[in-house]
1. Let me see the pair-distance distribution of the range 119-206: every alpha carbon pair, 10 Å bin width, integer percents in order.
2. What nm value, rounded to one decimal, do you get for the distance between Ile215 and Ser296 when each label is placed 7 Å out toward the C-beta?
3. Could you compute the longest span of the chain free of GluC sites (Glu not before Pro) located in DSSP loops and having at most 15 other Cβ atoms within 10 Å, not counting the site residues?
4. Among Gln190, Ser98, Pro130, which residue has its Cα furthest toward the positive end of the charge dipole of the range 91-191, with +1 on Lys/Arg Cβ and -1 on Asp/Glu Cβ?
5. Given a Förster radius of 41 Å and the C-beta distance between Asn252 and Ile24 as r, what FRET efficiency does 1/(1 + (r/R0)^6) yield to the nearest 0.05?
6. So for the pair Thr96, Ile150, with labels modelled 7 Å out along Cα→Cβ, what separation do we get in nm?
7. Once you list every other residue whose beta carbon is under 15 Å from the beta carbon of Asp361, what net charge do they have if Lys and Arg are +1 and Asp and Glu are -1?
8. Which order do the peptides 84-91, 281-288 come out in when sorted by mean C-beta neighbours inside 10 angstrom, highest first?
Amino acid sequence: MENITNKKEFKKRVDIQVSLITAIITLTASLSIFGLCYTITYQDTINVLKDRANAVYEKVVANLNKATFNEINTEEDARGLMYLKTRAYLSTLRETSSAEFIFTAKEAEDGTLVYVVDGLSMTELLFRGPGTAIEPELQEYIRTALSGRIVLPDKFISTQWGNFYWAFYPSLKDTEVVGVISVAFDVQKQFETYKMLASVTPIVCALCCLIAVYISFHVFRRLSNPNFKDIYNSDILTGLKNRNAFEVDINNINVSKDFRGRGVLSIDLNNLKKVNDTLGHSAGDQYIQGAADILSDNGLAGSVAYRTGGDEFTVLVVDARKEQIESWIKQIKVLMRECKIGEGSWTSMAVGYAVFDDGQDENLIDTYKRADYEMYCDKKRQKAEKETGC
């Protein structure tokens with residue numbers, strides 16, 4: 001119950017609400033900007049790679065002998081002049097275009113997808129000879145190209161060799177698809193860059209969000225509450241804790257059941273209405289502020305003072321001892337009588353106190369009620385003494 005109450009009170013604070021709104025706006029804006037920029041730059045990278053792949057393809061298709069798809073089938077065909085000339089051209093084009101791979105492929109008679117001519121050097125580890133089966137991660141794209149469609153992906157393709165932008169083009173002889181031309185560019189560095197951005201950006205956004213929350217929290221408090229008081233729990237006129245804070249604190253004590261040695265003082269100013277009617281409300285405010293200053297400047301050790309009503313104050317004492325409290329009450333009453341408002345001598349207070357007694361009190365609310373009753377008794381005594389002149 002205590003945690004629920006604290007959470008509700010915490011959420012009601014305007015500075016907290018402003019900070020949360022700032023956090024949401026900052027996080028939403030930063031992530032939206034990142035997402036937009038990430039998408040635009042990534043798509044731009046893909047478009048550039050598409051243009052490069054198309055340019056290479058146009059050169060290949062302009063010089064490729066379509067007969068290679070029918071006449072080159074096995075490793076033995078790799079010794080033939082047609083294969084050697086085609087591989088030499090693809091190898092040269094691969095180097096001049098900075099492509100990582102350029103090769104041709106087809107579907108064998110048994111339905112297997114195989115390499116025809118590979119533009120890599122024969123000494124390289126990834127070189128594939130005629131008739132070698134196409135790796136599984138590329139087969140879907142090659143079959144799509146064999147169906148007559150150009151494959152220009154909108155993303156990087158991850159393979160066992162790394163990340164590439166891989167394009168696949170159907171090779172036509174008349175209107176028949178006889179094979180596939182494939183062009184690939186190494187995009188490992190770009191992939192790592194985008195991966196880093198995707199990992200780091202949320203952290204940066206979170207830090208910016210925290211900074212924005214910190215700044216908004218303190219700027220809001222400075223603009224709306226220059227003295228940095230908790231407005232929800234502070235009395236604006238006196239600076240003491242207010243009724244809301246008193247109820248929260250006493251409820252928390254009741255929940256914790258930490259009653260041992262707890263004391264409550266109930267204080268009521270006398271003649272506030274008379275001061276207001278005779279000298280004006282500004283004088284009444286001065287009266288209230290004077291009482292608050294006395295309570296805060298001359299407080300008992302471990303005590304907390306609250307303004308719980310217009311002319312009402314309550315003090316919670318942690319280690320309440322009867323002799324100490326009664327001595328303190330005499331002291332503050334003297335100080336209150338010495339606090340002059342205008343030319344009148346109307347300033348005084350009625351005070352009652354009670355210390356928690358498990359024989360009479362179930363919780364501190366009961367203690368507060370007994371203190372309040374004692375305050376009214378004190379008020380009656382003072383009124384009777386004034387009437388009798390005693």
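What follows is calculated from the coordinates using simple rules that are stated; it is not laboratory data. Predicted model only: the values in this text are computed from it and were never measured. A quick note on method: Cβ atoms are made from the backbone with ideal geometry, for glycine too, and the neighbour counts reach across all protein chains shown.
1. 15, 37, 29, 12, 6, 1
2. Result for the modelled spin labels: 3.2 nm.
3. Longest run free of exposed loop sites: 125-337.
4. Gln190
5. 0.85
6. 2.1
7. Every neighbour counted, the sum reads -2.
8. Put in order of decreasing packing, that is 84-91, 281-288.
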